[in-house]
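Some notes on the structure that comes next.
What follows draws every value from the coordinates through simple rules; no lab data is involved. Quick caveat: nothing in here was measured; it's all calculated off a predicted structure. For neighbour counting, all protein chains shown are included, and Cβ atoms are generated from backbone atoms with ideal geometry for every residue, glycine included.
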Amino acid sequence: MKLDPKIPTGPIEKKWDKHRFDMKLVNPANKRRYEVIVVGTGLAGASAAATMGELGYRVKVFTFHDSPRRAHSIAAQGGINAAKNYQGDGDSIFRLFYDTVKGGDFRSREANVYRLAELSVNIIDQAVAQGVPFAREYGGLLANRSFGGAQVSRTFYARGQTGQQLLLGCYQALERQVAAGTVQMYARHEMLDVVVVDGVARGIITRDLVNGRVESHAAHAVVLATGGYSNVFFLSTNAKGCNVTATWRAAKKGAGFANPCFTQIHPTCIPPAGEYQSKLTLMSESLRNDGRIWVPSMAGDTRPASEIGEDERDYYLERIYPSFGNLSPRDISSRRAKEMVDSGHGVGPLSNGVYLDFKHAIERLGRDVISDRYGNLFEMYEKITGEDPYQVPMRIYPAPHYTMGGLWVDYNLQTTVPGLFAIGEANFSDHGANRLGASALMQGLADGYFVIPLTIGNYLAAVPRQSVDTTHAAFGDAERDVTARNARLLEARGKKTVDAFHIELGRLMWDRCGMERDAEGLRGALDAIPELRERFWSEVCVPGVGETLNQSLEKAGRVADFLEFAEVMCYDALARDESCGAHYRSEHTTPDGEAKRDDEHFAFVSVWEFQGVGESPTLHREPLLFENVQLSTRSYK
Amino acid sequence: MNLTLHVWRQDGPDRAGRFETYHAKDISEHASFLELLDLVNEDLTRSGGEPIAFEHDCREGICGSCGMMINGVPHGPRSMVATCQLHMRSFRDGDDIWIEPWRATAFPVIRDLVVDRSALDRLIQAGGFISVRTGSAPDANAIPIPKDDADQAMDGAQCIGCGACVAACPNASAMLFMSAKVGHLGLLPQGQPERYTRVLDMVARHDAEGFGTCTNHGACQEACPKGISVDFIARLNRDVLAGSWKAATVEAS
């Protein structure tokens with residue numbers, strides 16, 4: 001596997017301009033002779049499909065949802081960053097670039113991040129023109145807030161529904177192209193394989209989820225915009241349908257998978273209420289501005305919070321981190337919460353959370369102020385738990401939230417398979433080992449609106465214009481593989497449900513490859529996963545038939561892929577013998593117990609090449625060079 | 001809690017449906033309604049049956065995938081929530097619960113509780129957008145928008161496209177869905193150039209899709225998990241009137 005990041009030469013602020021000029025163009029009349037497949041209709045996929053349709057390419061777009069508007073980008077609450085400097089508080093493209101590289105703990109590619117910061121300003125213009133109703137000030141101009149520990153106010157937002165509004169903007173642009181006939185929409189179609197002909201991506205295999213038909217689709221290029229893999233942990237803040245299938249099957253066809261162990265844990269989610277828990281809900285981090293985090297000092301204390309006196313409480317973040325206290329960064333707050341629960345100090349019916357208490361804030365500021373600031377969040381909490389946070393402290397616990405890892409891509413967002421591109425959360429490129437708040441929406445839209453529509457032209461200009469079809473034997477072979485795999489799942493007729501296996505895998509990954517990892521635990525996981533996978537294939541029960549809507553079969557295919565993918569995650573976490581960002585190896589800590597990076601040996605992107613199910617994948621390295629940002633260590637004490 | 005569920009089962013679009021009864025035992029009051037269905041489905045799978053098909057995804061009330069009639073009410077007894085945000089503490093031990101798919105001509109049943117809502121996408125295709133080419137936008141602060149207008153636009157824009165308004169309406173009209181989009185875009189300066197063609201095109205498509213007409217029952221507003229007001233329907237009607245008049249004068253000249 002050859003890793004050429006294709007970073008343009010020249011100073012960082014000129015690279016994208018220079019590249020745009022250097023790229024080959026497709027003549028407008030010829031664009032309609034090229035077909036492009038886009039898989040996924042979240043922010044990245046929908047914006048890419050709409051823009052490429054506008055440019056004149058013939059686009060086919062696929063989603064397993066009933067409508068493109070359901071993609072999980074819709075659930076993003078907080079906001080989107082952009083270096084507009086509308087507040088005049090000293091923000092700039094370079095500052096956003098710098099914050100993103102540093103926030104990613106120096107494990108991302110400088111050139112990509114700089115381009116992202118540059119394009120951030122165009123995204124806001126585009127969204128406003130589409131009618132995205134961002135929050136405004138009384139003078140009619142756009143409002144901003146600070147977010148995720150940034151020292152400037154650069155986050156644009158639409159109430160607590162920024163992801164929804166941005167996605168609806170893309171969705172409407174996409175539907176406009178569907179009406180114009182430039183984009184053909186395939187809803188309720190799940191991609192189950194990539195077809196590679198002579199080393200080049202030439203199409204995909206899908207299953208029509210309504211009638212079960214397995215179909216081939218050919219194109220001159222394939223773009224994957226299929227999101228992240230947090231659901232490998234079973235419980236996460238991701239939607240139930242989010243999965244690794246598209247990117248993993250691409251990996252099995254030769255696309256390198258980069259930094260799979262970089263998974264982000266969000267510190268403020270509502271803890272599980274029981275064995276039946278199906279997913280976790282995130283509560284905005286802004287709550288930590290006024291809430292105080294504590295646990296009972298005595299382990300195993302089951303008294304209600306109201307009966308535990310001030311002198312019997314441990315405000316552990318304030319105790320350990322006197323200067324940052326309850327506002328300590330995501331990864332630090334998450335790890336300390338886990339420590340408290342693991343050592344028997346957990347609270348709630350299942351002793352699986354820590355308190356986030358507003359009692360002092362209400363006494364100090366009054367109920368009205370707290371209600372103004374957090375009213376909608378308190379309501380949401382009450383809907384889910386039945387408890388009133390004005391009366392009793394909230395319970396919170398960390399949960400998997402976002403995956404920085406993904407398919408390796410070069411500066412053009414092309415994977416190691418020519419003609420196969422990956423955008424949005426599905427690729428690895430911009431967030432390094434840790435993503436900053438309000439940066440996911442920015443990256444999805446930068447990739448989809450402004451990068452891929454141009455870089456794909458550069459690729460297409462060099463490939464023959466003649467039409468492609470599905471007659472090549474590779475399509476038939478891939479269709480047969482997909483059909484056989486589904487048949488095998490349906491024929492297993494075991495006794496255990498798909499979810500039961502998924503829960504077992506999730507627990508294993510959370511314990512061994514979650515927010516804290518060590519070599520011994522990871523080796524244990526690498527022994528346990530193949531055994532679990534074997535049991536899955538012989539003992540799983542998938543009811544029904546393949547020729548109808550069969551949600552159990554859909555789930556089974558996705559869990560089967562997680563059971564293969566989980567291994568490469570553990571291999572990656574084991575090979576990265578350092579701590580950085582969200583990847584915390586307990587063997588590598590500073591004397592204060594913080595993540596200790598090893599820049600001398602690990603300033604690289606890990607790229608894994610698939611060698612067969614159950615075989616160890618091969619590790620390739622893309623060295624990371626920092627020419628514009630000085631490597632430094634963060635401290636929050 | 002112990003509950004008796006009567007669930008609509010239908011094997012396919014052209015097959016006859018029927019209610020089937022399931023007994024759910026020892027359900028926690030903290031479980032969500034969809035987790036109740038998960039538990040029933042796990043039991044069904046283990047005992048050799050076929051699980052109930054239902055749509056769901058984000059399970060936090062924003063994607064709009066889930067939705068079912070619960071005791072005859074879209075999204076169940078609690079107001080301002082989608083089905084996924086409904087928890088069993090809203091029911092009592094021993095309750096009978098009747099669960100059905102959305103019922104509307106324009107939403108044919110695909111299987112069990114899953115219906116085809118693609119008609120809503122086609123309404124958007126008919127004009128629910130602002131025509132702006134990627135990269136051609138002026139600076140975002142070039143046109144100030146009064147805060148009240150932006151806030152009102154957001155009130156309409158927060159529609160999640162679940163279809164509860166259609167299911168609640170005795171005429172199975174999609175007027176609330178459509179008017180929320182027409183209102184969102186029509187309140188903003190960016191939406192003015194296409195304001196009247198948009199509304200006329202969308203209304204024509206609405207009727208062609210088999211949605212009924214609005215007779216001002218207001219059941220849609222009650223069912224809407226986002227609390228979108230029927231005032232948007234009044235605004236749409238005003239735009240239809242103005243739009244038709246404009247179209248007629250253009251034709252006459």
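List of remarks:
- With both labels modelled 7 Å from their Cα along Cα-to-Cβ, the B:T105 to A:S351 distance reads 6.1 nm.
- The largest-to-smallest principal axis extents of the Cα set in the range B:3-100 are 33, 30, 23 Å.
- Charge sum, other residues only, whose C-beta stays under 13 Å from B:A142's C-beta, Lys/Arg counted +1 and Asp/Glu -1: -1
- Cβ-placed point charges (K, R +1; D, E -1), dipole of the range B:118-252 about Cα centre in debye, nearest 20: 140 debye
- For the residues B:N141, B:N41, B:N237, a GNM of chain B with alpha-carbon springs under 10 Å puts the largest fluctuation on B:N141.
- Length released on extending from A:T618 to A:D477, taking residue separation times 0.36 nm less the Cα-Cα span: 48.2 nm
- Computed FRET value (nearest 0.05) for A:E307 with B:N2, which takes r as the C-beta separation and R₀ as 51 Å: 0.95
- Applied to the range A:330-347, the Karplus parametrisation 6.51 cos²θ - 1.76 cosθ + 1.60 on θ = phi - 60° returns per-residue 3J(HN,Hα) values of 3, 5, 5, 4, 5, 5, 5, 5, 5, 4, 4, 5, 4, 8, x, 9, x, 10 Hz, with x for Gly and Pro.
- In this structure the amide hydrogen of B:G218, modeled in the peptide plane, comes within under 5 Å of no amide hydrogen from residues 5 or more places off or on another chain.
- Taking the fewest neighbouring Cβ atoms within 10 Å as the starting point, the ordered list for A:D561, A:D193 is A:D561, A:D193.
- Fully extending the segment from B:A16 to B:D139 would add 38.7 nm, taking 0.36 nm per residue of separation and subtracting the current Cα-Cα distance.
- Rounded to the nearest 20 debye, dipole of the range A:266-399 from Cβ charges on Lys, Arg, Asp, Glu: 360 debye
- At q = 0.12, 0.14 Å⁻¹ the log10 of I(q)/I(0) for chain B amounts to -0.75, -0.95, computed by Debye summation with a single uniform scatterer per C-alpha, solvent ignored.
- Nonlocal amide H pairs with A:R395, under 5 Å, H built at 1.01 Å: A:L356
- Whole-number D in µm² s⁻¹ for the range B:118-252, Kirkwood Cα-pair radius fed into Stokes-Einstein, 4 °C, 1.567 mPa s: 84 µm²/s
- Cα-centre dipole for chain B with unit charges at Cβ (Lys and Arg positive, Asp and Glu negative), debye to 20: 600 debye
- A:R488/B:E42 FRET efficiency (R0 30 Å; Cβ-Cβ; nearest 0.05): 0.85
- Residue among A:G199, A:I308, A:A582 farthest towards the positive dipole end of chain A, charges placed on Cβ: A:G199
- With the cut-off at under 16 Å, measuring from each backbone N in the range A:273-317 to a point 7 Å along the Cα-to-Cβ line of A:D372 picks out A:290.
- The modelled label-to-label distance for the pair B:R92/A:E379, using points 7 Å beyond Cα in the direction of Cβ, is 2.8 nm.
- The range A:451-569: C-alpha pair distances exceeding 24 Å, %: 49 percent
- Using the Karplus relation 6.51 cos²θ - 1.76 cosθ + 1.60 with θ = phi - 60°, the per-residue 3J(HN,Hα) values for the range A:490-498 come to 6, 8, 4, 6, x, 10, 9, 7, 4 Hz, with x marking Gly and Pro.
- Net lengthening on full extension, A:Q466/A:S146 (0.36 nm per residue, minus Cα-Cα): 110.1 nm
- Label-point gap, in nm, between B:A208 and A:L25 - each point 7 angstrom along Cα→Cβ: 3.6 nm
- FRET efficiency for A:S92 and A:E587, using Cβ-Cβ distance with R0 set to 51 Å, rounded to 0.05: 0.85
- Distance distribution note for the range A:131-256: the fraction of Cα pairs above 26 angstrom is 45%.
- q = 0.21 Å⁻¹: log10 I(q)/I(0) that the Debye formula gives for the range A:338-426, counting C-alpha atoms only: -1.00
- Unit charges at the beta carbon, dipole of chain B: most positive-side option, B:G48, B:L5, B:S79: B:S79
- Reciprocal mean inverse distance between Cα atoms of chain A - Kirkwood radius, Å: 25.1 Å
- A:V605 long-range amide H proximity, modeled H, under 5 Å: A:E622, A:L624
- Couplings 3J(HN,Hα) of the range A:82-94, computed from phi: 7, 8, 6, 6, 5, 8, x, 9, x, 7, 6, 4, 5 Hz, in residue order, whole Hz [Karplus 6.51 cos²θ - 1.76 cosθ + 1.60, θ = phi - 60°; x for Gly and Pro].
- Per-residue Cβ neighbour rank within 10 angstrom, fewest leading, A:Y98, A:Y397: A:Y98, A:Y397
- Farthest toward positive dipole pole in the protein assembly as shown [+1 Lys/Arg, -1 Asp/Glu at C-beta], among A:M298, A:L631, B:S28: A:L631
- For the range A:266-399, the convex hull drawn through the C-alpha positions has a volume of 105 cubic angstrom per residue.
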